[in-house]
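Here's the structure, in structure tokens; my notes come after.
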Amino acid sequence: MTKVVTRFAPSPTGHLHIGGARTAIFCWLLARHFGGQYFLRIEDTDVERSRQEYTDSILASMLWLGLDWDGELVYQTQRTDLYNAYVDTLLASGHAYWCACTPDEVDAMREDARAKGLKPRYDGRCRTRNVGPGEGHCVRLKAPLTGRVVFDDLVKGTIAVDVAELDDMILRRSDGMPTYNMAVVVDDYEMGVTHVIRGDDHVSNTPKQILIYEALGLPLPRFGHVPMILGPDKQKLSKRHGARAVIEYQQDGLLPQALVNYLVRLGWSHGDQELFSLEELKTLFDGTSLNAAPSAFDPDKLHWLNAQYLRATPAAELAALTKPFVDAAFGGKAYAAERLEGAVGLYRERANSLVELAAAVQSLLVTAADLVFDPAAKAKALKDNALTHVAALRAAFAVLTPFDAPTLEACMHTYVEQGGFKFKQVGPPVRLALTGSLGGPHLPDVMALLGREESLARLDALCAG
RNA sequence: GUCCCCAUCGUCUAGUGGCCCAGGACAACGCCCUUUCACGGCGUCGACGCCGGUUCAAACCCGGCUGGGGACGCCA
């Protein structure tokens, strides 16, 4: 088996978005599957927009998702000399030339071409002018004039482009900095990258980069372009589609396994299987079965997956994960933390995210005096002589032993049967007293968790108020 | 405008010439379970964009059309 080296190369101009995250997952999986290496390269050559805090954020998201990387981070801004050395060899070998055209002149050329219905491109007028280095001069690739660039894409199959579509691209800007395509080729080669997995939006860069590889006489890596992730409306993912950064999903209380699982299944599949652990993915994902068509992001399915993982997480662990969200919900106020794990156990199947879980669990953690009643529920439950049932049961519960779920349940049933009531008359007001609402976990379980003292206090509070 | 890519239920997808009058999952809807809300179980709705080929046979192969997306920077 040949060595597999992949890389993920974000530019630190924003947080890690789900599209990038999915690409990173594919890269990581491919490397891990084949026992290869996965590198991270920070493409920070756009000094204006690049920020250290974004690099930090991207790395944090990467780790949160469970994607570890090999080796040191590569920062493109630290490798200018390296890129320039390659540009110089291209200049020396006659594969590149100096160009004195100004941006305005080139713009004019493009407009001209577009007006004629042609592809806007640089016309190569400095190719033979021998202008040499100088103020405002950049270096361009002396691209072949005829022929086709053909490559076999891992996900899209054969892609062919006529070189007439390409122009003599700039390799080094007039300020001495390399351009994106130049830097990428040098880096991928220097880092030993064997599989370049990246977003669909780069397909048109690939032929250009191949031209540079060829001019440099370097071996080509394998390319794989994964399609974009679209919004639920099939349009390009944008601000109006809500959360797009993985950090936002983290804040919304999503589990990283759920996000990874969801993202992987967007564009990749393994028969009818829906649930995959990271370990399982490592053994299953070999870079095949990738879908060439773009896919729409479906928040509903993400939440469903998250619910699956929420239920699969052991109660103690889930309580620990939920705690920060509960702390935030209480805004620093004290609450019955000793009931957290039990409450999480009772509500886990009723929540799709940690945020929802934290909100649901709140009513069991406040003190009786702070319990908030849902007005609609209150109006609905406190009909007829509902409070007499509450008072009667309160008296029964006060002397009940043991105070556990089965005994409590039996006690309630006895009360209902002996009084000739319907449970519908008795259950709702009791539930309202205990949780402030009319939905939720099995009542005896709630009381057992709250304990006798707290349960009685809540029943009293409703009767009094 | 030019070039490139894509095309199965609303969505994610299975499907690589006969097993498919197309399977699974999410969503929706209904029923069951249930003292409530959920979970769960069962079921319903629902797709091969269109037109031509090739073939005994096409969702699968070929061509065109239509529709969608992407790229055309001294951004990445």
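The values are calculated or read from the model by the stated rules, or taken from the named source; none is laboratory data. Computed from a predicted structure; not experimentally measured. All Cβ positions, glycine included, derive from the backbone under ideal geometry; neighbour counts span all protein chains shown. Remember, those area values only see protein heavy atoms, side chains included, never the ligands or the DNA or RNA. Shrake-Rupley method; radii C 1.70, N 1.55, O 1.52, S 1.80 Å.
At a 10 angstrom cut-off on C-beta neighbours, averaged per residue, how do the peptides A:346-355, A:91-100 rank from highest to lowest?
Numbers: A:346-355: 19.6, A:91-100: 17.6.
Packing order, densest peptide first, comes out as A:346-355, A:91-100.
Amide H contacts of residue A:16 (H built 1.01 Å from N, in plane; Pro and chain starts excluded): A:58, A:246, A:247 sit under 5 Å, all sequence-distant by 5 or more or on other chains. Cysteines in chain A that lack a partner Cβ within the 4.7 Å cut-off: A:27, A:101, A:138, A:411, A:463.
Hey, can you find the accessible area per residue of segment A:15-116 for me, probe 1.4 Å, expressed in square angstrom? Before the final figure, lay out the partial values.
On the way: 4830 Å² over 102 residues.
Using a 1.4 Å probe on heavy atoms only, each residue of segment A:15-116 averages 47 Å².
Quarter the surface of the alpha carbon convex hull of segment A:34-122 and you get the mean projected area, 10.5 square nanometres.
Placing +1 on the Cβ of every Lys and Arg and -1 on the Cβ of every Asp and Glu, with no other charges, gives chain A a dipole of roughly 880 debye about its Cα centre. When only Cα pairs below 8 angstrom with a gap of at least 6 residues are kept, chain A shows a relative contact order of 13 percent.
Given a Förster radius of 30 Å and the C-beta distance between residue A:228 and residue A:48 as r, what FRET efficiency does 1/(1 + (r/R0)^6) yield to the nearest 0.05? Show your work: numbers first, answer last.
On the way: r = 25 Å, r/R0 = 0.84.
For residue A:228 and residue A:48, the calculated efficiency is 0.75.
Can you give the translational diffusion coefficient of chain A in µm²/s, computed by Stokes-Einstein from the Kirkwood radius over Cα pairs at 20 °C and 1.002 mPa s? Each step should come with its number before you reach the end.
Values: Rh = 26.7 Å.
Translational diffusion coefficient: 80 µm²/s.
For the pair residue A:190 and residue A:280 in one chain, pulling the backbone fully straight at 0.36 nm per residue adds 29.3 nm over the alpha carbon distance.
For the pair residue A:312 and residue A:158, label points projected 7 Å from Cα toward Cβ lie 4.1 nm apart. Considering only beta bridges that DSSP places wholly inside chain A, some 55 percent are antiparallel.
For segment A:124-243, the alpha carbon positions stretch 53, 32, 30 Å along the principal axes, listed from largest to smallest. For residue A:128 and residue A:173, a Förster radius of 22 Å and the Cβ-Cβ distance give a FRET efficiency of 0.50, rounded to the nearest 0.05.
Compactness check for segment A:338-393: Cα Rg over 2.2 N^0.38 Å is 1.38. Full extension from residue A:150 to residue A:413: what is 0.36 nm times the residue separation minus their Cα-Cα distance, to one decimal in nm? Separation in residues times 0.36 nm, less the Cα-Cα distance, equals 87.0 nm. Backbone amide hydrogens, once placed in the peptide plane, bring residue A:131 within less than 5 Å of A:98, excluding anything fewer than 5 places away on its chain. Taking the helices alone, chain A has a mean residue ellipticity at 222 nm of -15000 deg cm²/dmol, built from -39,500 (n - 2.57) per DSSP H run of at least 4 residues and averaged over all its residues. Among the trypsin sites (Lys or Arg not before Pro) within segment A:416-465, those in coil by DSSP and having at most 16 neighbouring Cβ atoms inside 10 Å are A:422. Measuring r between the beta carbons of residue A:391 and residue A:102 and using R0 = 56 Å, the FRET efficiency lands at 0.05.
When only alpha carbons are used to place a centre, segment A:391-465 and segment A:52-94 end up 63 Å from one another.
Would you mind getting the accessible area per residue of segment A:197-272, heavy atoms of the protein chains only, 1.4 Å probe, in Å²? Kindly include the intermediate steps, with their values, before the conclusion.
Details: 3100 Å² over 76 residues.
Ligands and nucleic acids excluded, the figure is 41 Å² per residue.
Compared with the alpha-carbon gap, the fully stretched path from residue A:68 to residue A:300 is longer by 80.7 nm at 0.36 nm per residue. Bridging of residue A:234 to lysines at a Cα separation below 19 Å is possible for A:301, once same-chain residues fewer than 8 apart are set aside.
Taking segment A:422-465 and a reference point 7 angstrom along Cα→Cβ of residue A:401, the backbone N atoms nearer than 17 Å belong to A:452-453.
On a C-alpha basis, how far is the centre of segment A:107-147 from the centre of segment A:154-183 in Å? Whole number, if you could? So the two Cα centres are separated by 13 Å.
Please compute the Kirkwood hydrodynamic radius of segment A:324-465 from all pairs of different C-alpha atoms, in Å with one decimal.
It works out to 15.4 Å.
For residue A:153, the residues 5 or more places off, or on other chains, whose built amide H falls under 5 Å of its own are A:158, A:159. Carbon-plus-sulfur accessible fraction, segment A:114-251 (probe radius 1.4 Å, protein heavy atoms only): 49%.
Among A:156/A:282; A:380/A:424; A:116/A:208; A:3/A:282; A:142/A:208, which pairs are too far apart, with a Cα-Cα distance over 19 Å? Exceeds cut-off: A:156/A:282; A:116/A:208.
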